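In what follows, a single structure is set out as structure tokens and then discussed.
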Amino acid sequence: MKVIGSSDNKIYKRVRSLQQKKYRDRLSRYLVEGENLVEESLSEGLAATVLIRDDRQDLYDRFAEKDAYSVFMTGDLFRKVAQTETSQGILAEVEKRTYDETAFMQAAQGNILVLDGLQDPGNLGTILRTAAAAGYGGAVILKGTADVYAPKVTRAAAGALFRLPLFFAENAAEAAAILRQMGKTIVGTTPRGGIPYLDADLTKDIALVIGNEGNGMSEEALAVTDQNVFIPMHTGMESLNAAVAAGILMYKSVER
């Protein structure tokens, strides 16, 4: 079995580089950590390399038979590539599952999530995870949204990135053109100026736009919505956490 023990090793250097967005973009790969996410990435055929800390022979015995290149890495080097302080001792270098416009339109069936300028990694990952759980067919990521392949996002998404087709749009107008070709009604979320979400039909063929945590939807996104909804709140409360609001609205779509 191969053991990586030098910082000059090309696999180590490549994996270490994936801690930066520019290299994730350039190599079209990212990292996932932990037994469950590695297992899922392998079952989806996306894991290129599995790295196992050299004190976890049990994990090597379990994962070495999978369809991926598995190697040991010494503890001191593994700590430099690990994304958590209390690592389980296993991570994988995963290929991004990319979709161009045509492929996205074919793959993303049902309701679609649109992310407009979200910045908090925890919110972003949680919203993607909830979208997958609520049966959404895909997500459109508008330029200006945080990197969905950043470590904190991938942990919070809990495997949603393996399942949800993603399309990265330059702006809201581009996204709207594609979504209308797909027959979607674009539904914006706003604290005022819309209709209560309970009065809206969110069950079929919508594209639900979730805006920035502090500023809400951008003017560009507001300009392309077909209707806007809000979540009523008691006096004194102005807004909900973005992930909480998104969860409420997305699960409205699964009502029967």
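For this structure, a couple of remarks:
- Evaluating residue 120 against the criteria (1) over 26 Å from residue 242 (Cα atoms); (2) touching a residue at least 12 places away in the same chain (Cβ under 8 Å); (3) among the acidic types (Asp, Glu) leaves one unmet condition, (1).
- Total residues in the stretch 220-234 satisfying the condition of being open to solvent by 70 Å² or more (accessible area, probe 1.4 Å) and at pLDDT below 95: the figure is 3.
- Number of the exception - residue 72 against (1) open to solvent by less than 30 Å² (accessible area, probe 1.4 Å); (2) modelled with pLDDT of 95 or more: (2)
- Search result, residues across the stretch 36-62 that are farther than 16 Å from residue 15 by Cβ and open to solvent by less than 20 Å² (accessible area, probe 1.4 Å): 59
- Applying the set (1) open to solvent by 70 Å² or more (accessible area, probe 1.4 Å); (2) more than 29 Å from residue 164 (Cβ to Cβ); (3) free of Cβ contacts under 8 Å to residues at least 40 places away in the same chain to residue 102 leaves exactly one unmet item: (2).
- Subset tally (residues that are in contact with a strand residue (DSSP E or B) (Cβ under 7 Å, 6 or more places away or on another chain) and touching a residue at least 40 places away in the same chain (Cβ under 8 Å)) for the stretch 125-152: 7
- Of all residue pairs spaced 6 or more apart or on separate chains, none has beta-carbon atoms under 6 Å together with a first member in the stretch 31-59 that is of a type in the set (Val, Ile, Thr) and a second member that is open to solvent by 50 Å² or more (accessible area, probe 1.4 Å) and part of a loop (DSSP other than H, G, I, E, B).
- Any chance residue 130 is surrounded by fewer than 23 Cβ atoms within 10 Å (Cβ to Cβ), out of contact with any Gly (no Cβ under 6 Å at 6 or more places or on another chain), of a type in the set (Ser, Thr, Tyr) and not in a strand (DSSP E or B): no
- From the list 172, 176, 160, 207, the one residue that fits, being in contact with a Lys or Arg (Cβ under 6 Å, 6 or more places away or on another chain) and within 21 Å of residue 222 (Cβ to Cβ), is 207.
- Subset tally (residues that are surrounded by fewer than 23 Cβ atoms within 10 Å (Cβ to Cβ) and either free of Cβ contacts under 8 Å to residues at least 60 places away in the same chain or of a type in the set (A, V, I, L, M) (or both)) for the stretch 153-162: 2
- When we screen 43, 70 for residues that are touching a helix residue (DSSP H, G or I) at 6+ places or on another chain (Cβ under 7 Å) and at negative phi, the only hit is 70.
- From the options 237, 250, residue that is in contact (Cβ under 8 Å) with a residue 12 or more places away in the chain and either outside any strand (DSSP E or B) or open to solvent by less than 70 Å² (accessible area, probe 1.4 Å) (or both): 250
- Criterion: touching a Ser or Thr at 6+ places or on another chain (Cβ under 9 Å), more than 30 Å from residue 247 (Cα to Cα) and open to solvent by 40 Å² or more (accessible area, probe 1.4 Å) - qualifying residue of 10, 80, 22: 80
- Hits in the stretch 163-181 (condition: of a type in the set (A, V, I, L, M, F, W, C) and either more than 25 Å from residue 230 (Cβ to Cβ) or crowded, with 17+ Cβ neighbours inside 10 Å (or both)): 164, 166, 167, 168, 169, 172, 175, 176, 177, 178, 179
- Selection within the stretch 77-119 - over 30 Å from residue 180 (Cβ atoms), among the acidic types (Asp, Glu) and modelled with pLDDT of 95 or more: 93, 95
The values are calculated or read from the model by the stated rules, or taken from the named source; none is laboratory data. This is a predicted model, so every value here is computed, not measured. Ideal geometry is used to build each Cβ from the backbone, glycine not excepted, and the neighbour counts take in all protein chains shown. Accessible surface is based on the protein model in full, side chains and every heavy atom, while ligands, DNA and RNA are left aside. Shrake-Rupley method; radii C 1.70, N 1.55, O 1.52, S 1.80 Å.
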